[in-house]
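A short reminder: the numbers here are calculations on the coordinates, not readings from a lab. What you are looking at is a predicted structure, and each value in this text was computed from that prediction instead of being measured. Heads up, the Cβs are rebuilt from the backbone with ideal geometry, glycines too, and the neighbour counts pull from every protein chain shown.
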Amino acid sequence: SNSTIVTVDGPSGAGKGTLSQLLAQRLGYRLLDSGALYRLVALASINKAISVENASALRDCASTLDVEFAPADDGVTVILEGQDVTAAIRQEHVSMRASEVAAVDAVRTALLQRQRDFAVAPGLVADGRDMGTTVFPAAQHKFYLTASAEARAQRRYQQLLGRGESVDLAALVADIQARDQRDQSRATSPLRPAQDAHIVDSTEMSIAQVLEHMIDIIGV
Ligand code: C5P
């Protein structure tokens with residue numbers, strides 16, 4: 001195909017979101033924030049009072065998601081059924097629910113084609129957990145971005161504070177560990193590096209350093 005795919009997978013708080021956005025900008029590629037899709041299914045299911053046990057209702061929810069990603073000055077505005085949910089999908093309870101609905105097979109299957117449809121010329125940067133393993137196994141450039149759990153919790157903490165959310169660091173570490181655990185142990189598309197992924201540990205690196213490292217590897 002005439003679309004170059006760059007995949008960026010890894011646990012939460014490793015800097016995937018920021019780096020994927022910067023990479024896409026730098027390369028002039030489109031961006032797929034696949035986590036946002038799982039967050040949207042989570043939010044929609046909360047709004048519709050669908051339980052995490054109800055796989056078929058969750059699947060229907062995922063396959064009929066009425067969502068729009070609109071470019072904005074500070075990134076992307078996420079619109080669900082006509083409503084701006086950009087901030088709502090980032091709330092901590094929605095993050096938790098997202099990792100629960102993401103463990104439901106039928107939800108992952110329902111979102112698969114929707115994610116692949118993001119690939120356009122000249123290229124796509126795909127941010128998630130299974131971009132390089134399941135969604136885009138033939139991607140030209142695969143990255144697995146990680147960092148220590150403490151560093152990741154600390155970054156998330158600063159992010160949430162910046163948004164005016166009051167959070168408890170210890171609770172955040174526990175949340176991150178619970179989500180990592182669920183993401184790594186689920187049967188379908190568990191979080192793990194693709195066998196041909198470049199593993200980048202950002203614990204001791206700045207965003208700018210990681211970006212340059214990734215650009216070097218891509219070779220542009
Ligand atoms: O990346 P983000 O934190 O926004 O993703 C929210 C949740 O969605 C993750 O904790 C994970 O459980 C799920 N997810 C996934 N597969 C992806 C992207 C996200 O299972 N490709």
Legend entry - Residue-averaged 222 nm ellipticity for the chain, from DSSP H runs of 4+ at -39500 (n - 2.57), nearest 500: -14500 deg cm²/dmol
Inset, instruction - List the GluC sites (Glu not before Pro) within the stretch 22-107 that fall in a DSSP loop (any state other than H, G, I, E or B) and whose Cβ has at most 15 other Cβ atoms within 10 Å. - result: GLU53, GLU81
Legend entry - For ILE79, net neighbour charge (Lys/Arg +1, Asp/Glu -1) across residues whose Cβ lies under 12 Å away: -4
Inset, instruction - Evaluate the distance, in nm, between pseudo-label points positioned 7 Å from the Cα of SER148 and of ILE46 along their respective Cα→Cβ axes. - result: 3.1
Legend entry - Between the stretch 155-182 and the stretch 1-32, the alpha-carbon center distance in angstrom: 22
Legend entry - Sequence-distant residues sharing a close amide H with THR146 (under 5 Å, placed H): VAL200, ASP201, SER202
Inset, instruction - Give a residue-ordered list of calculated ³J(HN,Hα) values for the stretch 202-216 (Karplus: 6.51 cos²θ - 1.76 cosθ + 1.60, θ = phi - 60°; whole Hz; x for Gly, Pro). - result: 9, 3, 9, 10, 7, 4, 4, 5, 5, 4, 5, 4, 5, 4, 4
Legend entry - Taking the convex hull of Cα positions in the stretch 86-153, its mean projected area over all directions (nm²): 6.1
Legend entry - Charge dipole (the chain, unit charges on Cβ, about Cα centre) - positive-most of LEU111, ILE217, TYR29: LEU111
Legend entry - Sequence-distant residues sharing a close amide H with THR7 (under 5 Å, placed H): ALA126, HIS141, LYS142, PHE143
Legend entry - Karplus-derived HN-Hα couplings along the stretch 76-85 (A = 6.51, B = -1.76, C = 1.60, θ = phi - 60°), whole Hz, x at Gly and Pro: 10, 9, 9, 10, 10, 6, x, 10, 6, 10
Inset, instruction - Would you work out the charge dipole size for the stretch 128-220 about its Cα centre, treating the Cβ of every Lys and Arg as +1 and the Cβ of every Asp and Glu as -1, and quote it to the nearest 20 debye? - result: 300
Legend entry - Residue-by-residue Karplus 3J(HN,Hα) for the stretch 100-115, coefficients 6.51, -1.76, 1.60, Hz, glycine and proline x: 6, 5, 5, 8, 8, 3, 5, 5, 4, 4, 5, 8, 4, 5, 4, 6
